[in-house]
Structures are given as structure tokens and as C-alpha cells.
Amino acid sequence: MRKISQSRKLRNVRYDVRGPILVEAQRLEAEGHKILKLNIGNPAPFGFEAPEAIVADMVHNLPDAQGYSDSRGIYSARTAVAQYYQSRGLKDTAVEDVFIGNGVSEMISMVLTAFLDDGNEILVPAPDYPLWTGAVSLSGGTPVHYRCDEDNGWMPDLEDIESKITENTHGLVIINPNNPTGAVYSKEMVAKLVDIARRHDLVVFADEIYEKILFDDAVHHHAAAAAGNDVLCLTFSGLSKAYRVCGYRAGWVMVSGPKELAEDFLEGLTLLSNMRMCANVPAQHAIQTALGGYQSINELIVPGGRFYEQAMLADRLLNEIPGVTSVRPRGALYCFPRLDPEVYPIDDDEQFVIELLRAKKILVTHGTGFNWFAPDHFRLVTLPDVDVLEEAIGRIAEFLATRR
Ligand code: PLP
């Protein structure tokens, strides 16, 4: 039989968070080493439990969740999502505007497949959550990266965005709160981004999965969809992070704005939903409970709460390492520190991460894995308890001391 190769469609597709660095970590584990994996934002292995009501809901509904559901999602979940956005001030959202998926991940891929023609350009932030770049490429599109400015709290560089718009540009991706930088955008920033989309006739893709993980009293989340009903906006969110159930695979996309202009696209999205039957039905039952009930996430993000304390500790300890600077995260689950190239000249940051892993048995993700332009950053997940984080960052500091 002939040799079987991967399809050419995958030629430009990367997802380094689970790429060669993880393969190396698994190889070391097979040799008997204990690896602290700080490469994936998955709360459960770090002792975070889902709200009891969500688990109870899944269990309670298991007997009735054996069949396929409506491919766009069960009615109660879609209504709950529509009402959730209504409660955030979007008065026109309705059940027909919501599609439920196996996590936000599936909806990102499905939406881009339904939306993009070959060669269409989509503006994606750099750094980004790399599924966006990968899924644009896989759908035949061209990701064009706009710079987020580290010296300005990782805010999107609006001039850079404008300068990269061509007649081929069809959409603008906004990740807010941002993974990997932890930036949270002000109302004015969100309005300016949506205004760019308005002026250039772009669709907004707003990944807001960390919308409830905000560290500062002063920080509020401003949904892109609320910044103008005249721009087609696809808002993505789900249960993985705020409700700590990454494994249940429950996410959604909500369509807002001039939907009447998007009927054909929405038919395409419905077709793709139909072709994959439906999302995991037991997890869909938990969506209404999650959105409607007591929001235990609010205990984790304030001083004294684990998400808050861990993020602040990681930020402080990273900034204490000579030659390392890190912008304080205002939300999400990550720090994205910079290694001063004068102090740490690094040519290949993936190799750097592998060397750290081999030497100190800690796995972080290299910055270029988030489509950052230079090999001078890495992302650290701030999910471990403070003691473990202290130990982990101590080991990173020791490793860096050998590289100065
Ligand atoms: N979007 C962002 C910004 C993420 O960080 C993640 C997961 O880390 C996802 C989407 C995917 O989430 P889900 O578990 O809902 O597929």
C-alpha cells in the first residue's frame, strides 16, 4: 500500500499547545518523571470542582439524554443563552440566534467553515488563542495577524488593524478577555474595534469564553455584540472555564446584528450543525442551570479567591526574575511574560520550552505557539495552588539563571 500523508489542507495548521512540547512531556512521563503541566487552561486537574448543581443536572438528565437533540441545541439551553445576553442588555436575542456546540472549539471551526471562501482574510490578534489561526487556515482562509501592544497593556493596536485591511478582509476576531495575555478591553476599546468592523463591512467574531473571569473590581466585561446592532457579530462562550467543566464540552455561538443579511450564511451553519447531528446532549442540559444559578465563579476572582490569588502571585514572582517582565493579567487564566532578548537571546522558543521541560520538569507553552511575532515570550497557566505555583516559578527562575 502507498504511504499515507496528511491532507494538504493541514499544511499551515498548527496547534502547538498540544504539539511537540506535549509529546516530549509525555515521553518524560513514560520514563517515570513527574511533569507539572502548565500548558493547558483546564481547571479540573488543579482541584477546581464544577458547581454541584451542574454535575447534578448532568446526572439527573442522563436517562433522558440518550437520543440526538435538535442539531442547533436543546431548547432550554438555547433559550437560556439568549436570555443571558438579554440580561446583559442585548434586547433582540432569541432562541433562533443560538447554536450549541461541543465546546467553543467546535463552534469556531464550524462558523469559519460556513463563512470563509478560499483566500478570504480574517484579522486575528497576535498573540492569539491558536485555534483561531488554525481554524481560519483549515477553512481555506488567510489569517492576518494584528498586533496587540504589550507596552499598552496588550491592547489591540488599532492603527495596525486598519493598515492590514484589504478588499479581501472579511472578519475581525476579538478575544476578550484575552488568552494568552490576560488583557480585558475597556468599553471604548471594544467600541473602537466594532467601529472598524462597521466602517470596513467586517463580521466580528468575539471569543468571550473568559467573560466572567475578571480580577479587578474596576474591570467589567463589555460584550462586542453590545457595541452596535448594525454589525454582524458572532459571540462565542461556554461552560469550560467559568464553570470549570472543560470535559463536558458545552459551548455556544450567538448571532446578533443585521441577521437578515446573513440568512444564507446561517443556513450554511445550520447545514454543518445538521451534519454533525448535535452537541453532547447531557452537557446541554447543564447550560440553563449554569447560566441561571448562583455564580460561584465570583468567589474565585476576588481577593482571597484562588483564581485571583494565583494570578497575582504568578505575576509578582515572574516580574521578580531578572530580565523578565509580565503585564498583570486583568482576567482569564494565564500570564504571558517577556524574556528580555538582551538577557536571554533565544532563537527558537519551542526548543527553549523543551529545554526547560527537560531540566525542570515544567511544561509551559512558547509564545510563537500563540502566533506571537518573536521568540521572546511564554505562557504560564495560573491554575495551580499558590504553593505549587511558587515552586514552579522558582524552578523557572533557576533555569533562567543558567541561561544568563
Ligand atoms: N477560546 C479561547 C480563548 C480559549 O482559551 C479556549 C480554551 O482554552 C477555547 C476558546 C475553547 O474552549 P472550549 O473548551 O469551549 O472548546
>> Out of the helices (runs of 4 or more DSSP H) lying entirely within the stretch 76-189, which hold 3 or more residues that are buried (at least 19 other Cβ atoms within 10 Å of the Cβ)?
In response: 103-115, 131-138
> Within the group Ala286, Ala290, Ala311, Ala279, which residue is more than 24 Å from Arg88 (Cα to Cα), assigned to a helix (DSSP H, G or I), within 16 Å of the ligand (Cβ to nearest atom) and hydrophobic (A, V, I, L, M, F, W, C)?
Replying inline: Ala311
>> Taking the condition of being surrounded by 12 or more Cβ atoms within 10 Å (Cβ to Cβ) and hydroxyl-bearing (Ser, Thr, Tyr), how many residues in the stretch 57-71 meet it?
In response: 2
> Among the residues of the stretch 28-85, which ones are under 20 Å from Cys246 (Cα atoms) and among the β-branched types (Val, Ile, Thr)?
Replying inline: Ile40, Ile54, Val55, Val59, Ile74, Val81
>> Just to verify a result, which residue in the stretch 198-210, among those that are farther than 15 Å from Ile287 by Cβ and within 16 Å of the ligand (Cβ to nearest atom), is surrounded by the fewest Cβ atoms within 10 Å (Cβ to Cβ)?
In response: Glu208
> Mind checking which residues of the stretch 34-75 are in a helix (DSSP H, G or I), farther than 14 Å from Gln288 by Cα and within 16 Å of the ligand (Cβ to nearest atom)?
Replying inline: Ala44, Pro45, Phe46
> Residue check: is Phe115 touching a residue at least 60 places away in the same chain (Cβ under 8 Å) and within 16 Å of the ligand (Cβ to nearest atom)?
Replying inline: no
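Read the figures in this text as sums done on the coordinates, not as results from a lab. The shown structure was predicted, so the numbers you read here are calculated from the model rather than taken from an experiment. Here Cβ is always computed from backbone atoms with ideal geometry, including for glycine, and neighbour counts include all displayed protein chains.
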